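The values are calculated or read from the model by the stated rules, or taken from the named source; none is laboratory data. Bear in mind the structure is a predicted one, so any value in this text is a computation, not a measurement. A quick note on method: Cβ atoms are made from the backbone with ideal geometry, for glycine too, and the neighbour counts reach across all protein chains shown. Calculation scope for accessible area: heavy atoms of the full protein, side chains included, ligands and nucleic acids excluded. Shrake-Rupley method; radii C 1.70, N 1.55, O 1.52, S 1.80 Å.
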Amino acid sequence: MGEQQSPNAPKAAKKNKSEREGARSGAVGARSGSGSLRRSGPSATSASRSGSAQSGRGADASGPAASAALPGPSGSGDSPSASGSRGPARPSRTSRTSRSASDVSTAATGAPASGEAEARRGPGPRAARSAASASNTPGRAGGAGRPQKPETRLAMVRRARRINRELAEVYPYAHPELDFRNPFELLVATVLSAQTTDLRVNQTTPALFAAYPTPEDMAAASPEELEAIIRPTGFFRAKAKSLLGLSTALRDRFGSEVPGRLQDLVSLPGVGRKTAFVVLGNAFGVPGITVDTHFGRLVRRWKWTEQEDPEKVEAEIAAIFPKSEWTMLSHRVIFHGRRICHSRKPACGACPIAHLCPSYGEGETDPEKARKLLKYEMGGAPGQRLNPPADYPGRPAPPLGASPAAASDGPGVPGGPENPAGTGRGPDGEPSPTRDAG
Ligand code: SF4
């Protein structure tokens, strides 16, 4: 028998190989067709056969991220054709992603998880859940080095709205970070926030509004006295001039009331569109998008727009979201930019929306190292407001002249280790995003 089989052995082996390949191909095709396998390239096929990849999927399927939508680098996961892939198990992950998920899952069962919980005690359970979800899916949008189809406009809009929804869960307490009690105070504080931090403004305005509580009072102030009070905010001569000019205009043209219309606001000295939208959105309930340095940077990272000009950014983002979302969207994006998605060192490894971000990997991806980059309440440091809203989970900011220990308690506080001189730069080295005063 053995001697008779020998001549046919190569043919039999070839046939068996052909059958194996056909079966494998059919299996991949079937999974692709069912929508459960989004990436059917070699990595995905390899991952589906390897024990380690199976483990990674198992960990992933049982983790918090299992419920998240999973657009790929192009965001195609949010497209209708991929809707079937939103199940808890995500076999379409590449071996790279599966490894990451497995690593994070392992870490989540030990000390790092408790460290994360500690770091996130401020934002509360929803943020922790979102962060855990992101940690389990860190490479979703990072790509696996394989060419991706360009994201359609529809997929981008869906991804953008999903990011907004998830940010709303992470920052349910998002709010303007300037202390104010009325539209006049908000207008003045916003003008003062040019080229400085909201914290520095908040530490300065109590004395300012005690001395000049109304537009009439401020319009009658001596420039020298006004300059002395607002000096800590920097550019105090130009700002004093703007405050005197806008107070005089409010007194003479608007009956000492802050107008609630864009065209009136931008007619005031030192008031541009950003300042006007901050006032309209937060003092008058008029929806507006505030395009500051954080907002512009993040929406470009998320590929919502490629525009650099703030007015063009504003117009493109306005076309993506319903008007009712504009103001809160602005707060959420700015909160995220200040706390996690920093200009120079985004904390990608601790980012709750990493699975929706095409720029994942631009910053630190190691979860432990990324957690150390979190700022304000996310990093256990005081916030920017001396009088934050009641639902703010972090600590209030210290008043001007507080002890160095209070002022340097954490990386997010100007006057602390990253901004020892209170130079008017944010903790990430950026000027206050609400600037646009002259
Ligand atoms: S930190 Fe910024 S760049 Fe990094 S994943 Fe999050 S949103 Fe994207």
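Numerical summary
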| quantity | calculated |
| --- | --- |
| All positions within the stretch 295-317 that are assigned to a loop (DSSP other than H, G, I, E, B), open to solvent by 20 Å² or more (accessible area, probe 1.4 Å) and away from the ligand (no atom under 13 Å from the Cβ) | 306, 307, 308, 309 |
| Pair list, Cβ under 7 Å, 6 or more apart: the stretch 365-378 residue in contact (Cβ under 8 Å) with a residue 60 or more places away in the chain, other residue among the β-branched types (Val, Ile, Thr) | 367/104; 374/340; 378/340 |
| The stretch 159-182: number of residues that are surrounded by 19 or more Cβ atoms within 10 Å (Cβ to Cβ), in contact with a helix residue (DSSP H, G or I) (Cβ under 7 Å, 6 or more places away or on another chain) and assigned to a helix (DSSP H, G or I) | 6 |
| Filtered residue count, the stretch 323-381, keeping only those that are within 14 Å of the ligand (Cβ to nearest atom), among the hydrophobic types (A, V, I, L, M, F, W, C) and part of a helix (DSSP H, G or I) | 9 |
| Pairs with Cβ under 8 Å, 6+ apart, first in the stretch 276-299 and under 14 Å from residue 190 (Cα atoms), second within 14 Å of the ligand (Cβ to nearest atom) | 290/334; 292/334 |
